[in-house]
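Below: the structure, in structure tokens.
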Amino acid sequence: MIDAYAKLARELDESQLRRDEPLAPYTTFRIGGPADLFYSTTSADDLALAVTAARRENVPYFVLGLGANILVGDKGFRGLVIRNHASHFTFYDDGRVWVESGAVMGELIPEAVERGWSGIEHYVGIPSTVGGAVWQNLHFLEPEPDRKQTMFIADVFSSCDLLTEEGERKTVGSDYMQFGYDTSILHSRRDIALAVTFQLMKGNTAAMHKVMQENLSWRGARHPWLQFHPSAGSIFQKIEGMGAGRLVDQCGLKGFRHGGAQISHIHANIMVNLGNATARDVRELITIAQDAVEKKFGVRLQTEIGFIGEFSSS
Ligand SMILES: Cc1cc2nc3c(=O)[nH]c(=O)nc-3n(C[C@H](O)[C@H](O)[C@H](O)COP(=O)(O)OP(=O)(O)OC[C@H]3O[C@@H](n4cnc5c(N)ncnc54)[C@H](O)[C@@H]3O)c2cc1C
């Protein structure tokens, strides 16, 4: 691997490359050991170059957005982590916006709102890059009526510029993406989203600001605050008609602590890092919750987050 690393390093811009870089600060959980190689990309072309080089040298790689939907193992990642900062964008007169996949949704939203384009303001307050948003088909509850319906980023998706698993660069539409609840084609193919085009609609800026304030306030009242209680959002996949969090809650596990990890007092599907949690603490807490729910309700909860890198054996 050392030889492959050296070859790979020669193909990348040395000023953007680090070795043995701890990953915890690059995740919203604030957990995770070091990546052997860590490369920061600043453009879609550079992202494609880094992925292509890693594939050529047979070095395992991982494209990292804001790290908001993953748990990185305590032993870190053997290979190359590519932190995607590619964030150039262009708005067109017909409401389309082309945006590189490393753009942060929280920075793109105000740009769209300021120009009077509506469609992505609903996702305010959710930590995500554009690439992460299409990977998972970012979603949130519609305000009307009573937050019963779910809206998805797929609703405003127009096309995606990909680097395919086979190494080809091409633009694909919705059909190719196979969006579903918490999923897209990117879960089953090693395609990389380089840039995305969203189709937005003319909107009323004041109304959009209202939606944003309401959504932020709704989230703020129901979810632990990331800046005080690091997390990866929902841990378990939704169970139709039941709610994974409700099942964990009914096992009396709200506030249950294991090592430095805790099931949130205010949302039982969210685990928080109390400051010194390890990935092992979180994994064990996940098993505790799964076992308790299975014993009481006969249902095995499935995890929603990705597990990245090497975990210590428990
Ligand atoms: C406090 C909190 C609240 C949340 N609330 C919500 C919510 O309301 N709704 C919701 O849907 N989600 C929510 N999430 C989950 C999370 O925000 C989303 O899944 C988000 O889209 C993750 O984006 P990311 O950039 O952090 O991706 P990462 O976590 O960095 O990566 C996730 C996966 O996407 C892949 N990926 C990233 N970029 C690319 C790319 N360019 N090409 C191919 N693959 C890529 C990664 O390799 C990885 O497998 C929440 C998370 C937190 C921490």
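The figures follow:
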| read-out | value |
| --- | --- |
| Filter result (open to solvent by less than 30 Å² (accessible area, probe 1.4 Å), among the small types (Gly, Ala, Ser) and within 20 Å of Trp218 (Cα to Cα)) within segment 110-160 | Ser118, Gly119, Ser128 |
| Flag if Val51 is farther than 25 Å from Phe228 by Cβ, among the β-branched types (Val, Ile, Thr), more than 10 Å from the ligand (Cβ to nearest atom) and open to solvent by less than 10 Å² (accessible area, probe 1.4 Å) | no |
| 1 or more residues more than 10 Å from the ligand (Cβ to nearest atom): qualifying helices (runs of 4 or more DSSP H) within segment 103-184 | 105-114, 174-177 |
| Residue match in segment 199-207 (condition: crowded, with 16+ Cβ neighbours inside 10 Å and within 14 Å of the ligand (Cβ to nearest atom)) | no |
| Condition check for Asn273: in contact with a Pro (Cβ under 8 Å, 6 or more places away or on another chain), open to solvent by less than 40 Å² (accessible area, probe 1.4 Å), at pLDDT below 95 and not β-branched (Val, Ile, Thr) | no |
| Asp93 being farther than 18 Å from Thr41 by Cα, part of a loop (DSSP other than H, G, I, E, B) and at pLDDT 95 or above | yes |
| Condition check for Ser40: open to solvent by 10 Å² or more (accessible area, probe 1.4 Å), assigned by TED's automatic domain parsing to the domain that holds Ile153 and touching a strand residue (DSSP E or B) at 6+ places or on another chain (Cβ under 9 Å) | no |
| Failed item, numbered, when Val293 is tested on (1) open to solvent by less than 50 Å² (accessible area, probe 1.4 Å); (2) within 16 Å of the ligand (Cβ to nearest atom); (3) more than 21 Å from the chain's Cα centre (by Cα) | (2) |
| Some residue of segment 66-89 being charged (D, E, K, R), within 11 Å of the ligand (Cβ to nearest atom), open to solvent by 10 Å² or more (accessible area, probe 1.4 Å) and under 17 Å from Asp46 (Cα atoms) | yes |
| Subset tally (residues that are among the small types (Gly, Ala, Ser) and over 15 Å from the mean Cα position of the chain (by Cα)) for segment 58-110 | 6 |
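Okay, residues lined up against (1) within 21 Å of Gly132 (Cα to Cα); (2) more than 13 Å from the ligand (Cβ to nearest atom):
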{"residue": "Tyr5", "(1), (2)": "no, yes"}
{"residue": "Ala9", "(1), (2)": "no, yes"}
{"residue": "Arg19", "(1), (2)": "no, yes"}
{"residue": "Tyr39", "(1), (2)": "yes, yes"}
{"residue": "Ala44", "(1), (2)": "yes, no"}
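The values are calculated or read from the model by the stated rules, or taken from the named source; none is laboratory data. Just so it is clear, the structure is predicted and the values come from calculations on it, not from any experiment. Methodologically, a virtual Cβ is constructed for each residue, glycine included, from the backbone with ideal geometry; neighbour enumeration extends over all protein chains shown. Surface accessibility is based on the protein's heavy atoms, side chains included, excluding ligands, DNA and RNA. Shrake-Rupley method; radii C 1.70, N 1.55, O 1.52, S 1.80 Å.
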